[in-house]
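**Student:** So that we are looking at the same thing, I have put the structure below in structure tokens.
The values are calculated or read from the model by the stated rules, or taken from the named source; none is laboratory data. These numbers were taken from a predicted model, which means no experiment stands behind them. Here the Cβ positions follow ideal geometry from the backbone for every residue, glycine too, while neighbour counts run over all protein chains shown. Note: areas computed on protein heavy atoms with side chains; ligands, DNA, RNA excluded. Shrake-Rupley method; radii C 1.70, N 1.55, O 1.52, S 1.80 Å.
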Amino acid sequence: MRWTRFVRVAALAAATLISSASFAQSHPEYIPLGQLSAALYRPDGGPAPHVAFVIAHRTANYLNHIGCRELSARGFLALCFNTRFQNNEALVRWEETPLDVKAAVDFARSQPGITKVILFGHSGGGPLMSFYQALAEKGPAYCQAPNRLVKCGNDLNDLKPADAIVFADAHAGNPVQGLRALNPSVTIEGGKRQVDPALDPFDAKNGYNPNGPSHYSKEFQDRYFAAQAARMNARIDSALSAQARMKNGDYPYPDDDMVVVPFGGNPGAGAGGEAGLTTFDPSIAEIMSTARPEKLLKNDGSIVTEIVHSVAVPDPKTAAANGAFDTGTKVFTIKSFLSANATRATNARDGIDYCSSNNSTTCAVQSISVPIMIAAMGGYRFIRDDEIIAEKSASKDKDYVIIEGALHGFGPCTACEKTKGQYSNTVKNLFDYIRDWTNKRF
């Protein structure tokens, strides 16, 4: 729930950075789509659009998303909508979300002149849109695989595939995000907080720096990432056990129960609170760098191909937030946890069983054949994750690019700049690239 608020705030903050020309798209039309709400953005002038973008997030309010303004300003129709789970993470039933995307896709296709529909996945919109497309191409068998923690029903037939997907700083899935945010050094026993000093990410002996970049040894990273996975697996086992007891009538409730994840991060509460090592040590190359040379779209609009490392700066203030309830605790139900926030893993760095969850961009792209464009933000933390998404994609037409110095909300990371205005063109560069990529194909 609080991560939703974080994404919404980030998107709105980024909106202040866009050009005044984008605000010319000033008359979005409110569209009720059953239990969904949507806003339709049409270009104010120029030729009638024949391509429509569909934009949404699992729980965030995306009606005013920067993508709808920027894409309509470049001649496209854009439909921003909110799912049935808007602002309510605890109620998410992930396997129901494709029905919401279906309503939006069908509406977009029905608009006069529209011949192509492109899904736009930003942040948590990445797993949402890719899940829909994988189902549309493969049918319910995709989400009923034996290794899924939660399997979908047979009500997800006859979804119409989109014609392409654009991922803009999409993440690997909420389960991966939740896994890497866990602080495995802390437990609560007998009402008291217990800290294992050998795993404490906030101990200077382990490499923590409260005033700047931390530097964790490879040995500490290995133990920490493995401990995060062990903590996640234990919570999954507990939730599955509770469900089995419910089925057998041997549980206090017959349907569901609360799942509280202490010390698991709560970005939407303001200060963050996650305990992911890259929040404090951006030098961890296995997550913060590409594994091979990739395209970097520089601020001046030129493109170079090189190994790219995120220019993100550390955020030591989240250390204090991790230990508080409001800023460091997530609250789900058993159903929403297993459905949208749990994944099996042997370690949180590169030992993730992406296909144990249906909430997984990395798994879904393996079943998607339409053209895919992936843009990672060079001032954030998804550079390697997005490269893996590109590597695993089954599409024969895929493109991966990194936007130099961009934050998760697409605006420039001014804290990352060495000179004022070094990353001033991030929004323009991103959406101009999307425009050109789209027009080349459609």
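**Student:** Quick check: is even one residue across segment 236-247 open to solvent by less than 20 Å² (accessible area, probe 1.4 Å), in contact with a helix residue (DSSP H, G or I) (Cβ under 7 Å, 6 or more places away or on another chain) and within 13 Å of ASN347 (Cβ to Cβ)?
**Tutor:** no
**Student:** Among the residues of segment 58-71, are any open to solvent by less than 30 Å² (accessible area, probe 1.4 Å), in contact with a Leu (Cβ under 6 Å, 6 or more places away or on another chain) and among the aromatic types (Phe, Trp, Tyr)?
**Tutor:** At the first step, the residues of segment 58-71 found to be open to solvent by less than 30 Å² (accessible area, probe 1.4 Å) are 58-60, 62, 65-71.
From what's left, in contact with a Leu (Cβ under 6 Å, 6 or more places away or on another chain): 58.
Subset that is among the aromatic types (Phe, Trp, Tyr): none.
No: zero hits.
**Student:** Please enumerate the residues belonging to segment 228-266 that are of a type outside the set (Gly, Ala, Ser), touching a Lys or Arg at 6+ places or on another chain (Cβ under 8 Å) and more than 17 Å from ASN147 (Cα to Cα).
**Tutor:** GLN228, TYR251, ASP256, VAL259, VAL260, VAL261, ASN266
**Student:** Which residues, counting only those in segment 99-151, are open to solvent by 40 Å² or more (accessible area, probe 1.4 Å), closer than 23 Å to PRO32 by Cα, polar (S, T, N, Q) and touching a residue at least 12 places away in the same chain (Cβ under 8 Å)?
**Tutor:** The one that is open to solvent by 40 Å² or more (accessible area, probe 1.4 Å), closer than 23 Å to PRO32 by Cα, polar (S, T, N, Q) and touching a residue at least 12 places away in the same chain (Cβ under 8 Å): THR115.
**Student:** Kindly provide the set of residues from segment 419-433 that are of a type outside the set (Gly, Ala, Ser), in contact (Cβ under 8 Å) with a residue 24 or more places away in the chain and more than 16 Å from ALA376 (Cα to Cα), ordered by number.
**Tutor:** GLN422
**Student:** Now for a different question. Among (1) open to solvent by 10 Å² or more (accessible area, probe 1.4 Å); (2) more than 26 Å from ALA145 (Cβ to Cβ), there is one condition ASP353 misses while meeting the rest; what is its number?
**Tutor:** ASP353 satisfies all of (1) open to solvent by 10 Å² or more (accessible area, probe 1.4 Å); (2) more than 26 Å from ALA145 (Cβ to Cβ) except (2).
**Student:** Here's something else I'd like to know. Hey, among the residues in segment 406-425 that are out of contact with any strand residue (DSSP E or B) (no Cβ under 6 Å at 6 or more places or on another chain) and polar (S, T, N, Q), which one's farthest from GLY124 (Cα to Cα)?
**Tutor:** THR419
**Student:** Got a number for residues in segment 61-93 being part of a helix (DSSP H, G or I) and at pLDDT below 95?
**Tutor:** 3
**Student:** Let me ask something additional. Scan segment 270-311 for residues that are outside any loop (DSSP other than H, G, I, E, B), charged (D, E, K, R) and touching a residue at least 60 places away in the same chain (Cβ under 8 Å) and jot them down.
**Tutor:** The answer is GLU286, GLU294, LYS295.
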